[in-house]
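Below: one structure, written as structure tokens.
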Amino acid sequence: MGNRHVINSAMSRLLATIWLDCVVIIYIVLAFDRKVSTPVSQWVGRIFH
Amino acid sequence: MVQTQTLQVLSGIGVAAVYLVVVMIFGMGLWKLLVGNRTGQEGISLLKSIEVGWLGFVLGQGVLGIVWLFVAMTGTFYPWIVWVITWGALSSGVLVLRNDIRGTMLNVVELLRGARWAVSLGPWYGFLSMAIFGVVVMKSISALAPTDIDDALMWYLVSPLSIAASHVFQLQPYLSPHNGLYPLQVEMHWAALFAIGNETAVLAWDSVCAVSLLLGVGGLAWKVTGEVRVGLIAMLLLLSTDGFFHVMGGGKADIGGAQYGVAAFWSLLLFPEVGRKAFLLAGGFLGWSIASRYTNVILLPAIILGLYWTAKTTTPGSMTGRYKRRWRKAMLQPLVYTGLASIMTAAPMFVKNWLSVGCPFAPLIGCRGTFWADMFDLMGQGRNNLSGLDLLLYPFVWTFSERPDMLGNLSPLYVGLVPFVFILSIRRAIPPGIWVVGAMGMVALGTWLLIEPFVLFTRFLLVPLGLLALPLGMAFVLAERSVQGGRWGARLMNAGIMIVCLWLIFDSRSVVYGLRYAVGVDDRESKYSRKVGYDVAQWLNENVTVGKRIAVAEWEGYRLFLKIEHLLNSESAQEMQWLWTHRPQVQGDKELMLASQAWTPEIWRFYLSSGFSYVILLNTQVKDSEQAWKEVRPNQSFPIVYVGRENTVLKIL
């Protein structure tokens, strides 16, 4: 039971970490697209918009 | 040879620096008088030094703001009087603190040593504190260049400039819908800085207030959690919120006003140390926050929650149980103290409106039918910037999307850190006090959602965001501490924070323009030449002598571009009211300009008989107004003297 709690806790921390990193990366991509319009950011921006 | 522009920038920085020292010492002196002998004690902790220094600084701003308003209302807002009061404030502060000078100096040294100490938190938090410091320095240097925030050019900087130039506060008809009737607690300091300094001094001071707000949020987090690391994460949360980052040093009153809000919540935490004075301080700061922005009224329910929490920590049982009477006293007394103090500090701003136009809550309530109230209502009609679906996806729209006038997103760290709060082991480890602060933030945000659900302006919500940063920062620090995956687990967690820091450093690249302006490579022309109305304003500034009247009611341009003497000599309040009453009514016109569709001969007769030499028209109106002109002056050609991009200038006298 105790081991399962530790595993669950570690797993939820890992998922939360992945969520945090994903949110930050998507934000930066969109913000970059808005602020500095480059061919690459335009292409990435089209996907996200 | 140093250029004139460089000298202006340097003198602006110098005036702002002097003003910072004055407000700090004056405020710390007041703090000593009001709260007790706690400013100059030797050997007090760094956190306590920040607490006394920061709260004193905000207190000093609050009191001096009222003093400036009083001076402006009496029509004596002359530079020499501002200097006398400034030196008087400094002298009185020094006098009160004279026995604590050594202790105060030690506190300052302690504060400076804090930078070295921050590095000793370890390489990761050392990097974080250096990144925050670096970004703040770069943004402050960026603020040396003229602001590019449209509202500042149109209203926020012009209102204090006209007080400084005219030496008096009165209704400002050329600034609709602001008109000087908005709360001016923050702008009164700008008026003082315009009087004794220049625009650079004002923008530098705005940067100082932004740094102060960051320190307030960080210090509050440190105070509540006992963890400096949480303070750093909380500062990063606010700094990386584009609605703060974009506005800092830009000449908008929101950041200056948010300081008072954070100080109000911090004051409540002082209850165990200073007793009832904590409620007076909280109420005073709350009043000043409302006197800075009406929208800060959303803090009121959150403060009441804070008072309830304070009562709960000191009173046994429940509100309805056998301790009912003790509860009533525990709630009533703080409510009365806080309420009275907030009324006292907010009242001068309402008295200002009452004396100026007869309606204390102008332009929100009362005096309908006046040109300024009608224009305010027109402005409000188009303010909604969210749809029903946006409301359902509020945090995601706020973080990732862009809506009209939103002026910047929410930091991705807010949405990004939320899952950490829900991890059971972390949730249990977060102390109750932090939950309460987070709840106060949610209550303030929820109040805004109740009042204006379809309006999302990030800058209005800086205080709730500062409060919400505490539980999120704490959850991150706890998760990081208990991470099980070894180095890689911690690195993955820190990666998100690191990317945000690197983004902020990249986004501070406008520092180059601040430096270019400071050394005279760029000038206002290069900054503003493409802005609406700049061409017309420059032509008028260069070709029209001061004293000739210019009609600006139709001008689309930013008011800051025109010489302040011309602006002060434009349409008076009575003339604007006449124009508003006699304008052809245009449905759905949100341009806030008079007679913006159809011109009548009556309007020309009015301008000719009122002594106006120049009239600015929209280019799209030239045809209509020319026909009306021919009816008034059939033998005279239409006297166009300058045609700009959006506007045309006529010389009628």
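The values are calculated or read from the model by the stated rules, or taken from the named source; none is laboratory data. Since this is a predicted model, take the numbers as computed values, not measurements. Every residue, glycine among them, receives a Cβ derived from its backbone with ideal geometry; neighbour counts consider all protein chains shown.
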### Message
Can you say whether B:Gly231 is surrounded by fewer than 22 Cβ atoms within 10 Å (Cβ to Cβ) and closer than 27 Å to B:Leu286 by Cα, as far as the supplied structure shows?
### Response
no
### Task
Count, please, the residues in the range B:479-505 that happen to be more than 10 Å from chain A (Cβ to nearest Cβ) and surrounded by 15 or more Cβ atoms within 10 Å (Cβ to Cβ).
2
### Task
Collect the residues in the range B:399-429 that are within 32 Å of the chain's Cα centre (by Cα) and hydrophobic (A, V, I, L, M, F, W, C), keeping them in residue-number order.
B:Phe400, B:Met406, B:Leu407, B:Leu410, B:Leu413, B:Val415, B:Leu417, B:Val418, B:Phe420, B:Val421
### Task
Taking B:Pro177 as the residue in question, decide whether it is in a helix (DSSP H, G or I) and at pLDDT below 95.
no
## Note on the structure
For B:Val455, the lone unmet condition from (1) more than 9 Å from every other protein chain (Cβ to nearest Cβ); (2) outside any helix (DSSP H, G or I); (3) closer than 21 Å to A:Tyr27 by Cα is (3)
### Message
I need the full set of residues from the range B:608-624 which are buried (at least 18 other Cβ atoms within 10 Å of the Cβ) and either closer than 10 Å to B:Ile652 by Cβ or in contact with a Lys or Arg (Cβ under 6 Å, 6 or more places away or on another chain) (or both), in order please.
### Response
B:Phe612, B:Tyr614, B:Val615
### Summary
B:Leu470 fails exactly one of (1) at pLDDT below 90; (2) over 21 Å from B:Gly126 (Cβ atoms); (3) assigned to a helix (DSSP H, G or I), namely (1)
### Task
Check A:His5 against each of (1) at the interface with another protein chain (Cβ under 7 Å from one of its Cβ atoms); (2) at pLDDT below 85 and name the one condition it does not meet.
(1)
### Query
Does B:Asn385 qualify as being touching an Asp or Glu at 6+ places or on another chain (Cβ under 8 Å) and facing another protein chain (nearest Cβ under 9 Å)?
no
### Message
Being within 14 Å of another protein chain (Cβ to nearest Cβ) and more than 19 Å from B:Ile149 (Cβ to Cβ) is the filter here; which residues of the range B:506-530 pass it?
### Response
B:Phe506
### Query
Taking the range B:211-234 as the region of interest, how many residues are over 17 Å from B:Gly122 (Cβ atoms) and of a type in the set (A, V, I, L, M)?
9
### Task
Identify the single condition in (1) within 25 Å of B:Ile13 (Cβ to Cβ); (2) surrounded by 16 or more Cβ atoms within 10 Å (Cβ to Cβ); (3) small (Gly, Ala, Ser) that B:Gly180 does not satisfy, given that it satisfies every other one.
(1)
### Query
Within the range B:272-296, how many residues are surrounded by fewer than 22 Cβ atoms within 10 Å (Cβ to Cβ), hydrophobic (A, V, I, L, M, F, W, C) and free of Cβ contacts under 8 Å to residues at least 40 places away in the same chain?
0
### Message
Please determine whether any residue of the range B:250-264 is crowded, with 24+ Cβ neighbours inside 10 Å, at pLDDT 95 or above and more than 28 Å from B:Leu504 (Cα to Cα).
### Response
yes
### Task
Filter the helices (runs of 4 or more DSSP H) completely within the range B:355-447 down to those with at least 3 residues that are basic (Lys, Arg) and in contact with a Gly (Cβ under 9 Å, 6 or more places away or on another chain).
none
### Message
Considering only residues that are part of a helix (DSSP H, G or I) and either without any contact (Cβ under 8 Å) to a residue 40 or more places away in the chain or under 30 Å from B:Arg368 (Cβ atoms) (or both), which ones fall in the range B:544-563?
### Response
B:Arg559, B:Leu560
#### Entry: Residue identified as in contact with a Pro (Cβ under 9 Å, 6 or more places away or on another chain) and closer than 30 Å to B:Pro432 by Cα among B:Gly496, B:Gly466
B:Gly496
### Message
Test of understanding: among B:Gly433, B:Gly416, which residue is surrounded by 16 or more Cβ atoms within 10 Å (Cβ to Cβ), at the interface with chain A (Cβ under 10 Å from one of its Cβ atoms), at negative phi and in contact with a helix residue (DSSP H, G or I) (Cβ under 8 Å, 6 or more places away or on another chain)?
### Response
B:Gly416
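Residue-by-condition table, conditions (1) closer than 25 Å to B:Phe70 by Cβ; (2) surrounded by fewer than 19 Cβ atoms within 10 Å (Cβ to Cβ):
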| position | (1), (2) |
| --- | --- |
| B:Lys352 | yes, no |
| B:Ala362 | yes, no |
| B:Gly366 | yes, yes |
| B:Gly369 | no, yes |
| B:Met375 | no, no |
| B:Arg383 | no, yes |
| B:Asp390 | no, yes |
| B:Phe396 | no, yes |
| B:Ser411 | no, no |
### Query
Does the range B:301-323 contain any residue that is under 28 Å from B:Asp254 (Cβ atoms), in contact with a Pro (Cβ under 8 Å, 6 or more places away or on another chain) and in contact (Cβ under 8 Å) with a residue 60 or more places away in the chain?
yes
### Query
Mind checking which residues of the range B:202-230 are more than 17 Å from B:Val58 (Cβ to Cβ) and either in a helix (DSSP H, G or I) or not small (Gly, Ala, Ser) (or both)?
B:Val202, B:Leu203, B:Ala204, B:Val224, B:Thr225, B:Glu227, B:Val228, B:Arg229, B:Val230
### Summary
Exactly one of B:Val94, B:Val137 is over 30 Å from B:His566 (Cα atoms) and without any contact (Cβ under 8 Å) to a residue 24 or more places away in the chain, and that one is B:Val137
### Query
Name the residues in the range A:8-30 that are at pLDDT below 85 and either crowded, with 16+ Cβ neighbours inside 10 Å or at the interface with another protein chain (Cβ under 7 Å from one of its Cβ atoms) (or both), would you?
A:Ser9, A:Ala10
## Note on the structure
From the option list B:Leu410, B:Leu461, B:Leu465, B:Leu424, single residue qualifying as at pLDDT 95 or above and within 14 Å of another protein chain (Cβ to nearest Cβ) is B:Leu410
